[in-house]
Each structure stands twice: as structure tokens, then as C-alpha cells.
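Note sheet for the following structure.
The values are calculated or read from the model by the stated rules, or taken from the named source; none is laboratory data. Being a predicted model, the structure only gives us computed values, none of them experimental. All Cβ positions, even for glycine, are placed from backbone atoms using ideal geometry, and neighbour counts span all protein chains on display.
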Amino acid sequence: MSLYKEFIDRGLLAQTTDAEKLQDLLDNEKLTFYIGFDPTADSLHVGHFMQLKIMAHMQRAGHRPIALLGGGTGMIGDPSGKSDMRKIMTRETIAHNIECFKVQMSKFIDISEGKALFVNNADWLLGLNYIEFLRDIGPYFSVNRMLAAECYKSRLETGLTFLEFNYMLLQSYDFYRLYNDYGCKLQLGGDDQWSNIIGGVELVRRKMGGEAYGMTFKLLTNSEGKKMGKTERGAVWLDAEKTPPYEFFQYWRNIGDADVINCLKMLTFLPMDEIEKFARLEGSELNAAKETLAYELTKLIHGESEAAAALETARALFTSGGASADMPTHTLTADAFTDGKVTVIDMLIAAKLAPSKGEARRLIGQGGVFLCDDKISAFDAALTEADFKARDIIIRKGKKVFVRFTLA
């Protein structure tokens, strides 16, 4: 099957520099390609997973991936899609984050026998001579065109630093180096990277006369156009310590009806004919599609045993309301209690089920908070240490968010 056509069928493809030529290259040749990852945290998140899945698709078709780790660009920060400047990280933090990324990426791409490469752009960016860089690379970039790029244009009203303005040149220089050093002809990325990718393609072509291409993929958004991968607790991480497997499972199990088929296409490796069967379901029948999505993604990220445990826990909670060892758990320390009691409002905040006391009161007032199966109606509802010793204490927000509380 045509890899290029599969990208289209799964709703992944956004833009390409030369669609006809790229389809021929993807389907009939073996390319070295790259995707860049700036190490802004010590774990990848759901947004990164889209790119990892693309890398896996490409590798399975015989192409060689380069995961370019931004040890250099990570010290500046990409302004694309950002409303303000990123926090500047130390070299030590960046190096630590890169090592964490390598471990996680190795779960999705085969790094044996040169089948994939980890490359750090700090190897060439940190030693650049600024004057030489300006002389060699600067003439190939028009400031007028750069300012017209969406990644910069959206920041001009709020403030764009010269530090960030350099980012496009540095990312373009990455492509130039990878082309020269590894024969890399193709850069991939999210659609918010289009301007930066075009810069690299044109630099390779104009400076080297080389054959270079770019291809972007749609960002992971819901039916309302909002980015997916965020919860009240923060980002949905691939690290089990940051987002436990059950919480990861529940995120996908609880997505909207309008989003589940799109996510099955974009994020899983399920065959398209199987996904089309799910697409014919309606109403409550879509729960089967959501359960499959949650299971498949949890299996990809955390392994089959964790996915099976999460599925069993979810089914037990939805059918009987019972407790499970795999349920998200929050441990309360002694200082959470005042005069031997802890309020439900404080418990909601402690477990990040509500961001503030005002929001917690609103949830209770709307009848959306339950202690086990009993609806909480009093704003001053509280529990004693004896209550925790007598039974499992489970707070439920709405229909699907459960947290078990224990004592330290």
C-alpha cells in the first residue's frame, strides 16, 4: 500500500513542498528523514506522540529516521504557537531531558544496526562563529518573508525577541547539516513548523543545489479546533510517573464522540477497515471505539499488561463503582487535616480535581462531586482519619473521574 496514500487516508497529511515527487520518493525509494524535538521537559507528551507515530510509519516502510534532539535550539525556544517566550533552561537540564527523550523514543522506533539515529544539534550549533554564520547563512533569508511567516506574525503584537527571531535560521541550518552529514533529504513536523521547514528546504536547495523536501502533519486537535493532550492536572505525558497508565487510559476513554474516530486514524496502527467499522457506530455504541482507542494507545505507550490492567479497572469502576489498586491515588499527609478533619473541597484541590476553592464549590453546587456513590451537597463536608481507616475513600468528579485517597 502507498505510504503517502495512507497518510492521506488517516487524515494526517497537512502540507508538502512537492506532493507528486514526495509520493514517488516515499513509495519507491528509501529516504533518510528527520523530525526535531526540543527537550523542553524531561518527558515527551501526547503532542510528541503524533511525530513518533509518523516516524514509526516511515521506518516500517523502509525509510531511516533521524530524531534530531535540540541541545542547541532548546537553549532558545521555538516561538511557533507560543504566546510568550519560553523559559531559558541550563545546559545540564537540557542534557538530562535529552537522555529521557532517547529512552522513551526507543520504545517506538528501532534503533538497532543504524536503522535510526539520535543526533544532537548542539554538536554544531554551540560552536558556531556568529560572524561566519551570518556571512554564510544570512544572505539566504529575507527578513520581510520571515516576518510574514505565521510563527513570527502572531507574536509581533505581544513581543518577539531577537533571540527567538534567530530560531528559523538555526532550524534551517540543522537541515543543511543533516543533508551534508547524513544525506537527509526530508524534514517532517507538525503543521505549525511549516515556515521553519520551508526555510530549511530553500537553504539546502539555494546554497547546495540539493534535493530537499518538507512535509507537515496535522496537529492533534478536537472537533472544536483546540489542541488535545491537556487536562486539569496538566499535560498528558508519556512518562508513567507523570501520567500514570490508568489516567492515560482514562484520558482517551473520555474523549468526545466527535473525536474518537479521528484519533483512531491518527494515533493507532489499527487497519483502516477496522476503524471504518467503528465509524458506523452511533451514540452509546461509540464507547466500544473509545475503549479500543484507550487500550491501543496505552498498550503502545505503557505495554500490554498496563493496558489490560487499566481496561479492567475502568470496567470495574463503571459497572460497580468498586475500588482498584490501579485507580489514581492521592496520599494525604497529616498537615492536610485541621482539628482532625479534612474538607472535601481541600481534597478536590489536593488531587487537582479542581484548581481553586471557588471552582470546587461550584462543582459541589452543581451536584458533580460524589463520595463513593453519595452525592456531596454540603460545602463544608469533611472526613476524619477514622473515615479513611474504615473504608476506601473515593472521590468522583462527574461520571468518569475517580481518585482514591489514602493516608500517609
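Across the range 1-58, what is the number of residues that are under 19 Å from Y179 (Cβ atoms), surrounded by 15 or more Cβ atoms within 10 Å (Cβ to Cβ) and without any contact (Cβ under 8 Å) to a residue 40 or more places away in the chain?
Count: 1.
Among the residues of the range 106-156, count how many are aromatic (F, W, Y), surrounded by 14 or more Cβ atoms within 10 Å (Cβ to Cβ) and part of a helix (DSSP H, G or I).
Number satisfying all stated conditions: 4.
Given the criteria of a type in the set (S, T, N, Q) and closer than 14 Å to I301 by Cα, does T216 qualify?
no
If you take just the helices (runs of 4 or more DSSP H) that sit entirely in the range 158-223, which of them hold at least 2 residues that are hydroxyl-bearing (S, T, Y)?
167-182
Give the residues of the range 224-245 that are modelled with pLDDT of 90 or more and not in a loop (DSSP other than H, G, I, E, B), sorted by residue number.
Correct list: W237, P245.
Any residue in the range 356-371 that is in a strand (DSSP E or B), of a type in the set (D, E, K, R), at pLDDT 80 or above and more than 18 Å from D335 (Cα to Cα)?
No; the residues of the range 356-371 include none that is in a strand (DSSP E or B), of a type in the set (D, E, K, R), at pLDDT 80 or above and more than 18 Å from D335 (Cα to Cα).
Please indicate, with yes or no, whether at least one residue in the range 353-365 is exposed (fewer than 12 other Cβ atoms within 10 Å of the Cβ) and of a type in the set (A, V, I, L, M, F, W, C).
no
Report whether or not V403 is under 19 Å from G234 (Cβ atoms) and in a strand (DSSP E or B).
yes
Using the structure shown, decide if I35 is under 30 Å from W252 (Cβ atoms), at pLDDT below 95 and hydrophobic (A, V, I, L, M, F, W, C).
Criteria not met by I35.
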